[in-house]
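A quick write-up on the structure given underneath.
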Amino acid sequence: MSSQINITFPDNSVREFSAGTTGAEIAKSISISLAKVALAIKVNGELRDLSRAIESDAKIEIITPKSGADALEIIRHDAAHLMADAVKELFPETEVTIGPAIENGFYYDFARKTPFALEDLEKIENKMREIAKRDEKLVREVWKRDEAVKFFNSIGEKYKAELIASIPANEDVTLYRQGKFIDLCRGPHAPSTSHVKYFKLMKLAGAYWRGDSKNEMLQRIYGTAWESEESL
């Protein structure tokens, strides 16, 4: 018989759950409608994927599109992955490098010989909408650092391999997979691509790899993403 843990909600009410219960299961126990819109869970102040198990007593908050800055960070981070996935589908020779959420949006830096044109932004945005509609699950995977370096080198993603190689050898790394696309990322992410609904690609710019003018010039695509059509 599994042990029980106490889960404290934002209103300070406490309920018992089995140890190993996931954030998704807690959301579903509250209501199906909450489970459908839930993006992530905050466990003792730490944002986590809904799929991760909770093993001990914890204070939690289910993050939804209405959760302010926490929600926007997840949506924008998801949008960066969505854009990189779209670029790889449309322009497979492109290498992906770094793509964070930033204030008011997100960007991703790409390495490719042919410069992106402004009309490519519309193609990429349309492909992003297509991938979002596919409702691809975002799956968190924990890899040994050296295995991840070897994997990204094997698929021709040398920038990503270089990034991972700079992580201490004894540290595991987290990768997120959505469909055929896989990326290095700490997370957390929403459960699937369908949670990214309100976004727009904004502009192109140049950026040096790792911000160093001695390194290669990359192509940066900026976008914005929000929790509602009205905010966008």
Under 15 Å from Lys200, Cα to Cα: aspartates and glutamates that are on another chain or at least 8 residues apart: Asp78, Glu103, Glu119, Asp120, Glu122, Glu125, Glu130, Glu227, Glu229, Glu230
Zero-based 10 Å bins, Cα pair distances in segment 47-150, whole percents: 12, 35, 35, 15, 3, 0
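Report the gain in length on full extension from Ser13 to Ile30: 0.36 nm times residue separation, minus Cα-Cα distance, nm rounded to one decimal.
4.9 nm
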FRET efficiency, 1/(1 + (r/R0)^6) with R0 41 Å, evaluated for Arg210 and Lys66 via beta carbons: 0.65
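Based on Cβ point charges of +1 for Lys and Arg and -1 for Asp and Glu, what charge dipole magnitude is obtained for the chain about its Cα centre, in debye rounded to the nearest 20?
Working: 33 positive and 37 negative charges, 62 e Å.
I would put it at about 300 debye.
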FRET E, pair Met217, Glu103, Förster distance 41 Å, beta-carbon r, rounded to 0.05: 0.95
Listed residue (Leu47, Gly68, Leu138) projecting farthest to the positive dipole end of the chain, Cβ model: Leu138
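Relative to the Cα centre, what is the charge dipole magnitude of segment 53-162, using +1 at the beta carbon of each Lys and Arg, -1 at the beta carbon of each Asp and Glu, and rounding to the nearest 20 debye? Spell out each step's value before the answer.
Numbers: 18 positive and 24 negative charges, 41 e Å.
Its charge dipole is roughly 200 debye.
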Unit Cα scatterers, Debye sum, the chain: log10 I(q)/I(0) for q = 0.10, 0.15, 0.17 Å⁻¹: -0.50, -1.03, -1.24
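Using only C-alpha positions, report the orientation-averaged shadow area of the convex hull of segment 1-113, nm², one decimal.
Values: hull surface 36.6 nm².
Spelled out: convex hull of the Cα atoms, projected over all directions, averaged, 9.1 nm².
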Solvent-accessible area of Glu162 with every protein chain in place, 1.4 Å probe, in Å² to the nearest 10: 80
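For Ile167 and Lys113, FRET efficiency with R0 = 22 Å and r from the beta-carbon atoms, rounded to 0.05? Can you show the working numbers first?
Details: r = 28 Å, r/R0 = 1.28.
Step by step, r from the Cβ atoms, then E = 0.20.
With +1 on each Lys and Arg Cβ and -1 on each Asp and Glu Cβ, and nothing else charged, work out how big the dipole of segment 88-130 is about its Cα centre, in Debye to the nearest 20.
Values: 6 positive and 10 negative charges, 22 e Å.
Around 100 debye, computed over segment 88-130.
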Largest to smallest accessible area among Val37, Val196 [probe 1.4 Å]: Val37, Val196
Under 16 Å from Lys113, Cα to Cα: aspartates and glutamates that are on another chain or at least 8 residues apart: Glu93, Glu95, Glu157, Glu216
Dimensionless Rg over Rh [segment 122-165; C-alpha; Kirkwood]: 1.14
Pairwise centroid distance, computed over Cα atoms, of segment 22-57 with segment 171-232, Å: 23
Debye log10 I(q)/I(0) at q = 0.13 Å⁻¹ for segment 131-232, Cα point scatterers: -0.63
Rounded to 10°, Cα long-axis angle of helix 69-90 versus longest principal axis of the chain: 40
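The values are calculated or read from the model by the stated rules, or taken from the named source; none is laboratory data. Bear in mind that the values here come from a model prediction, so they are computed numbers and not experimental data. Backbone-built Cβ (ideal geometry, glycine too); neighbour counts: all protein chains shown. Please note that ligands, DNA and RNA were not included when accessible areas were found on the heavy atoms of the full protein model with its side chains. Shrake-Rupley method; radii C 1.70, N 1.55, O 1.52, S 1.80 Å.
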